[in-house]
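Participant: Sharing a structure with you now.
Quick note: the coordinates plus some simple rules give every number you see, no bench work behind them. Please read these numbers as outputs of a predicted model, since none were measured by experiment. Virtual Cβ from ideal backbone geometry, glycine too; neighbours counted across all protein chains shown.
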Amino acid sequence: MSVNMKDSLEKVDSEITGAIKNEHTRLNEGVELIPSENVVSKAVLQAMGSILTNKYSEGYPGKRYYGGNEFIDVVENLAIDRAKKLFGAEHVNVQPNSGSPANQAVFFALMNLGDTFMGFDLTAGGHLTHGSPVNFSGKQYNCVPYNVDKETELLDYDQIKKDALKAKPKMIISGLTAYPREIDFKAFQEVCDAVGAYHMADIAHIAGLCATNVHQNPVPVCDVVTTTTHKTLRGPRSGMIMCKTEDRFDKEGKRNLAQKIDFAVFPGLSGGPHEHTIAGKAVAFLEDLQPEYKTYCQQIVKNAKALADSLMDQGIELVTGGTDNHLMVAKLVNKGLTGKGKEVQNALDEAGITVNKNTIPYEPGSPFNPSGIRLGTPAVTSRGFKESEMKVIGESIAKVIDNLNDKTVIEGVKKDILELCKQYPLYDDFQILG
């Protein structure tokens, strides 16, 4: 096949085109309830699919290793400046390609191999990079995990402080991937101050809520804050690090905290940044700075509470008994579905409802066959759904859970979901193919 550089994707590759169009159909005909997913704007898609993907730009604005980066510097500086304004950050690095590499860079900057840190237990709501033994964070460093209270399923800051005084960690990570309540970053900072530890907040899931003060913003409080830029920020799939300029624990003074973070990202862990994605971040941050974005974040929480109420009204038990943020974790144990989270996820997929299987605190099953499912509202809120739609979705989910092996019921739910989704179409062909 001869390739004309000006040919469209449809002409060059029918198989990829078909997969994209099928994904478009899946999105349009179902509800996306995975809390780590969202729907970006046409403007973000255009920036990500732009000619900026052609340019190598190792280094930082004004200090590149290759020539021809004058316009790339404009793009990256816009992303940095907008992120600073959005979060009130002293320093921002927009080069990490995702949340996990951002977290790894913080470890690389502030820790030595084998150092002790504390992170949120994975099964209770933490992330792989918060110390899982299968992850770099658990393999290369000594993690002392903290957990939730067994009865309330809430974080116990007094117990975390007791654990920290005993462990004497060099760093404590606050943050979540499956904890449905607001985190008190100031309480975590008090623990860090008591033991002389760095405080790293991972707000990948709740960054939008923090930026708009719908939840507490950890950026003025913590030493370092990491985040993805998709999820509630509604930007491209990527990452970012925000930090104070000065390092309060640095005795040598060779590099301040901002310099340590930047040096860890490049040249420590990466080469050329993906400037087309950074352009997408800049566009998303500009969108996030508009007044209506706060209204959107408030609606995310309203929708989550409405969905949680609907599920509980149908007899579905939730971790902590509800939610304060964008997500909830449904416990399947009282439905006789211990270790059946994957089966529930698959059945809901068949019904046009996308969720992910998830562990519950003190999981009686396993990570591969857990006893919960995780649900969230960023994507459906972007689509325009509100509380009334959440009620319908909650009732539909409960119907599938209560009739897990009844294909007739599942097919009926799928038809109901399709009718609901037709009222809120997503994208058009031009947008999905650039």
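Participant: Quantify how much of the Cα-Cα distance distribution of region 48-288 extends past 29 Å, in percent. It would help to have the intermediate numbers written out before the result.
Facilitator: On the way: 7288 of 28920 pairs.
In whole percent, the long-distance tail amounts to 25.
Participant: Still on this structure: Using the 10 angstrom Cβ neighbour count as an exposure proxy, how do MET48, MET312 rank, fewest first?
Facilitator: MET312, MET48
Participant: Which whole-number percent of Cα pairs in region 167-263 have a distance greater than 15 Å?
Facilitator: Numbers: 2864 of 4656 pairs.
Of the Cα pairs, 62 percent sit more than 15 Å apart.
Participant: Computed from the coordinates I sent, P(r) over Cα pairs in 20 Å bins from 0, in percent equals one of [x] 27, 58, 15, 0; [y] 25, 56, 19, 0; [z] 18, 49, 30, 3, 0. Tell me the label.
Facilitator: Read-out from the structure maps to [y].
Participant: For region 181-222 and region 135-178, what is the separation of their Cα centres, given in Å?
Facilitator: Cα centroid to Cα centroid, the span is 14 Å.
Participant: So, one more: Can you list the lysines whose alpha carbon sits under 16 Å from that of LYS281, skipping same-chain ones fewer than 8 residues off?
Facilitator: Candidates past the 8-residue exclusion: LYS42, LYS84, LYS85, LYS231.
Participant: Say we join alpha carbon atoms closer than 10 Å with springs in a Gaussian network model of the chain; which of VAL134, VAL44, VAL94 then has the biggest fluctuation?
Facilitator: Highest fluctuation of the listed residues: VAL134.
Participant: While we're looking at this one, here's another question. Can you list the lysines whose alpha carbon sits under 16 Å from that of LYS6, skipping same-chain ones fewer than 8 residues off?
Facilitator: Partners within reach: none.
Participant: Just want the answer: with Cβ charges of +1 for Lys and Arg and -1 for Asp and Glu, which residue in THR53, ILE203, PHE71 is farthest toward the dipole's positive end in the chain?
Facilitator: PHE71
Participant: Could you work out the relative contact order of region 301-429, using alpha carbon pairs under 8 angstrom and six or more residues apart, expressed as a whole percent?
Facilitator: Here the relative contact order equals 29 percent.
Participant: Please list, by residue number, every one of the trypsin sites (Lys or Arg not before Pro) in region 295-404 that is coil in DSSP and has at most 13 other beta-carbon atoms within 10 Å.
Facilitator: Values: sites: LYS302, LYS305, LYS331, LYS335, LYS340, LYS342, LYS357, ARG374, ARG383, LYS386, LYS391, LYS399; in loops: LYS340, LYS386.
Of the trypsin sites (Lys or Arg not before Pro), the ones in loops of region 295-404 whose Cβ has at most 13 other Cβ atoms within 10 Å are LYS386.
Participant: Estimate the FRET efficiency between THR408 and GLN298 by the formula 1/(1 + (r/R0)^6), using the beta-carbon distance for r and 56 Å for R0, to the nearest 0.05.
Facilitator: Efficiency, from the Cβ-Cβ distance: 0.90.
Participant: Further question on the same structure: Hey, got the dipole for region 48-288? About the Cα centre, +1 on K and R Cβ, -1 on D and E Cβ, debye to the nearest 20?
Facilitator: So the magnitude is around 380 debye.
Participant: Let me ask something else. How many angstrom lie between the Cα centre of region 403-429 and the Cα centre of region 348-378?
Facilitator: What the calculation gives is 19 Å, centre to centre.
Participant: Now for a different question. At a Cα cut-off below 14 Å, give the aspartates and glutamates reachable from LYS139, other chains included and same-chain residues fewer than 8 away excluded.
Facilitator: The qualifying aspartates and glutamates are ASP115.
Participant: Given the options SER270, SER174, SER396, state which has the largest fluctuation in a GNM of the chain using a 10 Å cut-off (strictly under) for Cα springs.
Facilitator: SER270
Participant: Quick one: how many lysine pairs in region 301-429 have C-alpha atoms under 14 angstrom apart, if they're 8 or more apart or on different chains?
Facilitator: Pairs that pass both the separation and distance tests number 16.
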